[in-house]
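I have placed the structure first, in the form of structure tokens, so that the comments after it can refer back to it.
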Amino acid sequence: LHSFPTRRSSDLYKIPKGMAQAGSPVTASPLTTLIAAELDASGTEYSDSTAEEVLKSLGFTDLLNNGVDVANLLSNTEAVLKELATTNPADAATLAATTAVLSDVLKSDPTASVAAISTATATLSNDILDSNPHYPASGADGTGDDIFVEFNETTLKTYVAEVEDKIADPSLPEPTPPTPDLPKAEPVDPPKPTPPPTGGTGGTGGGGGAGA
């Protein structure tokens, strides 16, 4: 059973205002951070439907269509991953790889548009899953060592900027995705959801739900 291999600080992650309900657990993760960015950009309040659209832009359409509940996924990503590792390993690999890549993309350029971040993340995670469909286990058959995703931050920031330019001007050449280093994963404690602040509004911090 694999958890999210991670080297990142959860201080980078945000919880969308209005997502957390009083008394309910919540996990601040790359996923919630991207949703928070979408809400900030659009000036709208949190809703599961908006969250679902952001998650689909990352490539989670099949995962959601296979019965994963949006609220459960965002409130305790680690628990959903553990369940999927048993019930649907392909979806588990997609969730783990995409969340790990998203964490790196957000770190490289947190000011990029949601569209650019989503597009870059989906492209890079698909590339990783093509070679490692059982991520975080390496190899086409999943028998290799566990790995974690790690991109050069400068190279990744340049790629995200090129994706941003491509979105603005579709006539530009398709950006060339960078290749990550995929060293062995280090043991980590699984992230734990934390109760929301008084009043049920979101904020920053909390347990990170991603890896790399």
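The values are calculated or read from the model by the stated rules, or taken from the named source; none is laboratory data. If you're wondering where the values come from, they're calculated on a predicted model, not measured in any experiment. Cβ sites come from the backbone with ideal geometry, for glycine too, and all protein chains shown count toward neighbours. These area figures cover heavy atoms from the full protein model, side chains too; ligands, DNA and RNA do not enter into them. Shrake-Rupley method; radii C 1.70, N 1.55, O 1.52, S 1.80 Å.
Quick one: which of 147-154, 131-138 comes out on top by average Cβ neighbours within 10 Å, and what's the full order, highest first? Mind showing how you got there, number by number?
Values: 147-154: 18.5, 131-138: 20.2.
Highest mean packing first, the order is 131-138, 147-154.
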* Given a cut-off of under 8 Å on Cα pairs at least six residues apart, what relative contact order in percent is computed for segment 39-105? -> 23 percent
* Structure fact -> The ³J(HN,Hα) series, computed from each phi in segment 57-64 with the Karplus coefficients 6.51, -1.76 and 1.60 at θ = phi - 60°, rounded to the nearest Hz and given as x for glycine or proline, is 5, 8, x, 9, 4, 4, 4, 5
* In straight Cα distance, which aspartates and glutamates are under 14 Å from residue 14, not counting same-chain residues fewer than 8 positions off? -> 38, 40
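Gain in length, residue 140 to residue 69, computed as 0.36 nm per residue apart minus the alpha-carbon separation, to one decimal in nm? Could the numbers behind the result be given before it?
Values: separation 71, 0.36 × 71 = 25.56 nm, distance 2.85 nm.
Contour length minus Cα-Cα distance gives 22.7 nm.
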* So what is the accessible area of segment 93-185 per residue, in Å², with the probe set to 1.4 Å? -> 45 Å²
* Using the scaling law 2.2 N^0.38 Å as the reference, what is the normalised Cα Rg of segment 84-130? -> 1.21
* Asked: By a straight-distance test (C-alpha under 15 Å), which aspartates and glutamates pair with residue 107 as possible cross-link partners, with residues fewer than eight away in the same chain excluded?
  -> 11, 150, 153
